[in-house]
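Step one of this worksheet: look at the structure below.
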Amino acid sequence: MRHTISLLVENKFGVLSRIAGLFSGRGYNIESLSVGETIDPQISVMTIVTSGDDQIIEQITKQLNKLIDVIKVVDMTELDHVEREMVLIKVAPRQEDKAEVLRLAEIFRGRVVDSGQKTYTIEVTGDEKKIEAIVELLKPMGIKEFVRTGKIAIAREGIKK
Amino acid sequence: MKMSGAEILIESLKKEGVKHIFGYPGGVVLNIFDSLYDNKEVQLILTRHEQGAVHAADGYARASGKVGVALVTSGPGATNTVTGIATASMDSIPLIVFSGQVSTMLIGNDAFQEADIVGISRPCTKYNYLIKDVKDLSRIVKEAFYLARSGRPGPVLIDLPKDVTVSKAEFTWPEIDIRSYKPTYEGNKWMITQAAHLIAKSKKPVIIAGGGVILSGGSKELRELAEYTEIPVTMTLMGLGSFPGTHTLSLGMLGMHGTYYANKAVQGADLLIAIGMRFDDRVTGKIDAFAPHAKIIHIDIDPTSIRKNVRVDIPIVGDVKRVLTVLNKVLKEEVKEQWGEVRKAWLRQINDWRQERPMTYTHSDEVIKPQFVIEKIYELSKGDAIITTEVGQNQMWTAQFYKFDKPRTLLTSGGLGTMGYGFPAAIGAQFAHPNKLVIDIAGDGSIQMNIQELATAVINKLPVKVAILNNHYLGMVRQWQELFFNERYSYSHLDVVPDFVKVAEAYGAVGFKATKPSEVEPVLKEAFKIKKTVFMDFIIDWKEKVYPMVPAGAAIDQMMFEEQKEKPEKKLKAVK
Ligand SMILES: Cc1ncc(C[n+]2csc(CCOP(=O)(O)OP(=O)(O)O)c2C)c(N)n1
Ligand SMILES: [Mg+2]
């Protein structure tokens with residue numbers, strides 16, 4: 001099963017490679033990973049999407065906790081939480097598809113952040129399903145390039161699942 | 001008063017009570033070596049290879065319970081430590097390795113003798129540091145010692161750029177607090193009570209003791225538990241010595257080369273009390289067939305050890321000594337069960353297994369049997385020696401035939417299985433215990449991996465003894481080839497084995513050779529009498545194998561025995 005794990009870590013040199021090394025060294029897979037500073041600049045938050053059975057996920061969270069620089073590990077999948085991801089999609093539609101691209105962007109509450117002679121760049125934010133849906137719909141219109149941020153997640157206020 | 005980084009380092013070592021460090025010099029650590037030159041309190045022992053330095057520090061740590069310290073130069077000096085660090089890491093041994101590094105402004109430039117040792121050692125250290133500012137030095141040293149010895153111990157590496165050793169700062173010795181590192185020492189009381197009730201109810205319990213018992217100093221509490229509840233104790237390789245090998249409740253080692261009765265007991269048990277051990281594959285054999293009837297209580301300081309390989313009914317995270325203290329108290333004051341008859345039946349059953357297949361070998365008057373040498377070493381040392389081993393058959397025979405009664409008397413590379421460990425480790429152990437008899441039980445292959453340390457032993461007048469069980473083979477490899485590869489002895493014959501007597505003499509040590517069983521005792525007696533480094537070359541029966549043996553991938557009660565030419569299950573394939 002898929003799990004979204006959120007970590008608070010010391011914002012120090014080498015921390016990312018300790019975490020990445022843990023996953024590669026023990027054969028766990030990382031589907032996505034994102035890192036950023038928190039309000040406290042000495043602490044970073046990482047969101048890792050990984051998968052495995054219960055025993056593997058238990059090992060992953062324990063192993064992460066064991067790393068000296070990791071302050072806190074939360075398996076978001078066990079909590080009611082909000083997940084978001086952002087994608088930038090550069091589409092090069094044929095003349096007759098241009099209107100459709102813009103219409104799709106609007107339906108998905110996307111924004112055109114850049115447009116040129118031949119391409120539009122559309123920004124969409126949402127959960128995984130939404131991102132995948134718009135990618136599917138835009139594919140026939142000619143996607144030239146596309147970049148995803150990886151997932152970030154935050155727990156909802158005070159309710160446990 | 002301001003001090004240089006090198007001086008701050010030595011001052012910090014003094015604060016930590018360090019008397020011996022094992023090391024090897026080179027360009028970027030010359031300032032540190034210069035500061036050590038006229039220092040009276042911290043002595044550097046010059047080894048002949050950096051791997052030797054780290055193993056010696058490791059042996060020192062295992063024998064003394066203190067943190068071992070090594071100091072090497074950058075680049076090749078640092079990379080030569082990796083095997084030693086990984087060895088310590090797998091066996092949870094507290095160690096600090098200081099590696100020199102090129103100056104901070106050169107880092108990343110492929111400078112002369114630059115190696116990214118922090119990157120290289122990351123997966124085999126508990127933690128590691130690159131110091132960029134001399135002001136952080138003393139705090140980092142203090143943190144490193146704390147990390148190395150607390151919680152589940154392990155090696156910590158500190159990379160010291162040359163300019164940091166020259167720059168000056170005030171010496172401070174600050175309080176440290178690592179907010180993201182808080183090991184759990186006290187076990188959960190409710191869980192411990194549950195465990196006590198489970199123990200009270202069980203009819204066929206077995207204790208499996210591992211290296212964690214020794215690391216936490218919990219041998220007394222373990223013995224109290226076993227004796228009070230009348231539960232037999234088997235030990236992992238790392239656990240040997242945690243419970244007296246001569247005790248009537250001792251079943252010796254379990255696992256791949258464990259005793260028949262230990263493996264039978266585990267497979268027949270209704271309860272396993274696993275203490276400070278981590279269910280390594282050499283212990284469990286085929287995991288799905290391991291202890292099929294048993295509930296499992298698992299006590300370990302490292303949460304990741306629990307439920308990693310086997311299902312656990314009662315997990316208790318905590319320090320072994322403290323958990324056992326509480327468990328014993330609960331058993332005596334709250335549970336107050338009398339076992340009497342129930343236990344008698346179980347112990348009788350185990351005794352039957354013990355009678356059925358005791359730990360023996362075929363004696364000979366013509367050729368020296370390796371087991372005989374080890375029995376003689378045990379007898380003549382009165383069981384009161386520190387034994388180190390190399391890796392291979394020599395290691396397993398030692399585990400099987402030497403009775404370890406006290407903790408920290410067997411120093412062996414269990415997790416990594418490092419050939420070349422035993423001799424430098426014996427040197428380290430002799431520094432920790434100058435008056436003890438220290439013996440490396442070696443193979444002819446392994447001893448050649450760090451044989452240069454003869455110089456270190458001789459120059460320091462160390463009375464370390466090395467008993468080479470010489471079979472002219474990489475014996476354990478040969479054994480697998482014989483049993484599982486149709487006797488195709490691919491590159492396991494050591495055609496040229498040096499004359500170990502001459503090698504010893506060339507270094508200024510003493511060498512003896514024995515080719516007949518009758519010579520074994522006189523050689524050992526003479527060697528133990530001499531207060532010098534001694535190599536003993538025992539030419540043993542090269543055909544001898546380690547039995548019993550559980551083929552890789554089989555359940556641990558599917559054992560092969562000496563007389564049994566046929567494999568128990570012919571289709572078993574060797575999986576290493
Ligand atoms: C550094 C290292 N390389 C390779 C091995 C694989 N290995 C395990 S036992 C063994 C043979 C050891 O030979 P020897 O020291 O003569 O011991 P014996 O088995 O003959 O007693 C080998 C090569 C190892 N454990 N360590
Ligand atoms: Mg050999």
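Bear in mind that the values in this text are calculations on the coordinates, not laboratory data. The shown structure was predicted, so the numbers you read here are calculated from the model rather than taken from an experiment. No Cβ is skipped: glycine too gets one built from the backbone with ideal geometry, and neighbour counts run over all protein chains shown.
Checked against the criterion of being under 30 Å from B:I21 (Cβ atoms), within 15 Å of ligand 2 (Cβ to nearest atom) and touching a Phe, Trp or Tyr at 6+ places or on another chain (Cβ under 6 Å), the stretch B:435-442 has at least one qualifying residue.
The set of residues in the stretch B:392-436 being within 15 Å of the chain's Cα centre (by Cα), within 9 Å of ligand 1 (Cβ to nearest atom) and buried (at least 24 other Cβ atoms within 10 Å of the Cβ) consists of B:G392, B:N394, B:Q395, B:M396, B:S413, B:T418, B:G420, B:Y421. Within the stretch A:1-42, being within 14 Å of chain B (Cβ to nearest Cβ), buried (at least 16 other Cβ atoms within 10 Å of the Cβ) and in contact with an Asp or Glu (Cβ under 7 Å, 6 or more places away or on another chain) holds for A:V9, A:E10, A:N11, A:V15, A:R18. Put simply, of B:V464, B:V477, B:V503 the only residue that is within 13 Å of ligand 2 (Cβ to nearest atom), more than 14 Å from chain A (Cβ to nearest Cβ) and either in contact (Cβ under 8 Å) with a residue 60 or more places away in the chain or more than 16 Å from B:I377 (Cβ to Cβ) (or both) is B:V477. Screening the stretch B:1-74 for strands (runs of 3 or more DSSP E) wholly inside it with 1 or more residues that are in contact (Cβ under 8 Å) with a residue 40 or more places away in the chain and not aliphatic (A, V, I, L, M) returns the ranges B:2-4, B:20-23, B:68-72.
Taking the stretch A:104-161 and the strands (runs of 3 or more DSSP E) fully enclosed by it, the elements with 3 or more residues that are touching a residue at least 12 places away in the same chain (Cβ under 8 Å) and not β-branched (V, I, T) are at A:120-126, A:143-148, A:152-160.
The set of residues in the stretch B:473-491 that are closer than 30 Å to B:A53 by Cβ and over 23 Å from the mean Cα position of the chain (by Cα) comprises B:Y473, B:Y491.
Condition first: closer than 30 Å to B:Y181 by Cα, surrounded by 24 or more Cβ atoms within 10 Å (Cβ to Cβ) and away from every other protein chain (no Cβ under 14 Å). Now tell me which residues in the stretch B:284-302 satisfy that.
Narrowing the stretch B:284-302 to residues closer than 30 Å to B:Y181 by Cα: B:296-302.
Of the ones still in play, those that are also surrounded by 24 or more Cβ atoms within 10 Å (Cβ to Cβ) are B:297-301.
Scanning the stretch B:284-302 gives B:I297, B:I299.
If a residue has to be at positive phi and within 16 Å of ligand 2 (Cβ to nearest atom) to count, how many in the stretch B:388-433 make the cut?
3
The set of residues from the stretch B:439-478 being in contact with a Gly (Cβ under 9 Å, 6 or more places away or on another chain) and either away from ligand 1 (no atom under 16 Å from the Cβ) or aromatic (F, W, Y) (or both) comprises B:L454, B:A455, B:T456, B:V458, B:I459, B:Y473.
Here A:S51 fulfils each of the conditions (1) on the phi < 0 side of the Ramachandran plot; (2) within 13 Å of chain B (Cβ to nearest Cβ); (3) without any contact (Cβ under 8 Å) to a residue 60 or more places away in the chain apart from (2). Exactly one condition in (1) part of a strand (DSSP E or B); (2) of a type in the set (K, R); (3) out of contact with any strand residue (DSSP E or B) (no Cβ under 9 Å at 6 or more places or on another chain) is false for A:R84; which is it? Result: A:R84 passes all but (3). Once the stretch B:96-144 is narrowed to residues that are away from every other protein chain (no Cβ under 14 Å) and of a type in the set (F, W, Y), the residue that is surrounded by the most Cβ atoms within 10 Å (Cβ to Cβ) is B:F98. Among the residues of the stretch B:335-365, those that are closer than 23 Å to B:A196 by Cα, in contact with a helix residue (DSSP H, G or I) (Cβ under 7 Å, 6 or more places away or on another chain) and not in a helix (DSSP H, G or I) comprise B:E337, B:W339. Among the residues of the stretch B:303-334, those that are within 14 Å of another protein chain (Cβ to nearest Cβ) and hydrophobic (A, V, I, L, M, F, W, C) comprise B:I306, B:V310, B:V312, B:V317. Selection within the stretch A:54-85: residues that are within 9 Å of chain B (Cβ to nearest Cβ) and of a type in the set (S, T, N, Q). The member of this set that is farthest from B:R179 (Cα to Cα) is A:Q55.
Residue check: B:L469 meets all listed conditions (1) under 13 Å from B:M536 (Cβ atoms); (2) away from ligand 2 (no atom under 12 Å from the Cβ); (3) touching a residue at least 40 places away in the same chain (Cβ under 8 Å) but one, namely (2). Of all the criteria given as (1) part of a strand (DSSP E or B); (2) touching a His at 6+ places or on another chain (Cβ under 9 Å), the one not satisfied by B:F98 is (2).
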